[in-house]
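Asks: Got a structure for you, questions after.
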Amino acid sequence: MLRTIMRPVLGILCFVVFLAGVAHAQSRGATPDFSGVWGPYRGGRGGDPKLAAVPAGPILLKPEYAKAYESRRAAEAEGNQRGEPLATSSALCVPYGVPSMMSVAVYPIEIIQSAQQVTIIAEAFSEVRRIYMNKPQAKIDEVPPGYYGRSVGHWEGDTLVVDTVGIRESVQYQRVPHSDQMRITERIRLVAPDILHDQITIEDPVTLEKPITYTLAYRRMPGYEMVEFVCDNNREYVDEKGVVRFRIREK
């Protein structure tokens, strides 16, 4: 009986100590250390659902983009039902880019943190993005479009705020179309000693009726060593209809 009572009490005490530590670090001007490997945390069996990611809000596109988006989603659903999935970034062997690389299936990410730069490495496809600290963001028109764009960051208390622009239009989150005016804002912070949240907001005045906001949650993975992941796909190809096919080896 005593053991049963003490478990939740100890959990509350640990969380109070964590909050006190964060407050003490802030009072000294220190910043949290996110360095290490982090795996997706969904608050399932044995986890705390209160620390899991908040479900994403609705995707509201402007009418001229919504029709094509819905048609594509319907075609994907039909293809999957027939066993003929349409091509994705992974099938095409191209990077997921920002922000999708921050959460690919069950693969972890690694954060390497310094005062000048925060580097994030995704195990899936070995993707790398760099966040330049305390530097001004360039004008969107001056950033060459790429898979990861240009990211700058600064601290607001215990939260790392990241601003990213310059994502090429072919790099999409959930197949959502965007323009060269898209801007991604991330707010990354510890919500418990070993639980990290990344709140991502996507804004685009050209394609979106309202910003898309969702949160990713991660659990610290002490001692984990990242595994090399190279896209060397010679089994699949995309046919003229955009369907993923498997190559059959002839005898």
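Asks: Taking the Cα centre of segment 68-197 as the origin and placing charges on Cβ (Lys, Arg +1; Asp, Glu -1), which of Q116, G157, M101 is farthest toward the positive end of the dipole?
Replies: Q116
Asks: What are the ³J(HN,Hα) values, in whole Hz, obtained from phi via the Karplus relation 6.51 cos²θ - 1.76 cosθ + 1.60 with θ = phi - 60°, for each residue of segment 142-158 in sequence order, with x given for Gly and Pro?
Replies: 9, 9, x, x, x, 6, 10, x, 10, 10, 10, x, 8, 9, 10, x, 9
Asks: What aspartates and glutamates does K67 reach when the alpha-carbon gap must be under 14 Å and sequence neighbours fewer than 8 apart in one chain are set aside?
Replies: Filter leaves E209.
Asks: Would you mind getting the accessible area per residue of segment 78-150, heavy atoms of the protein chains only, 1.4 Å probe, in Å²?
Replies: Heavy-atom SASA per residue in segment 78-150 reads 52 Å².
Asks: Moving on. Using packing as a proxy for protection, rank 67-75, 165-173 so that the peptide with the highest average count of other Cβ atoms within 10 Å comes first.
Replies: 165-173, 67-75
The values are calculated or read from the model by the stated rules, or taken from the named source; none is laboratory data. Please read these numbers as outputs of a predicted model, since none were measured by experiment. Counting neighbours? That spans all protein chains shown, and the Cβs are built from the backbone with ideal geometry, glycine included. Ligands, DNA and RNA are excluded from the accessible area calculation, which covers all protein heavy atoms including side chains. Shrake-Rupley method; radii C 1.70, N 1.55, O 1.52, S 1.80 Å.
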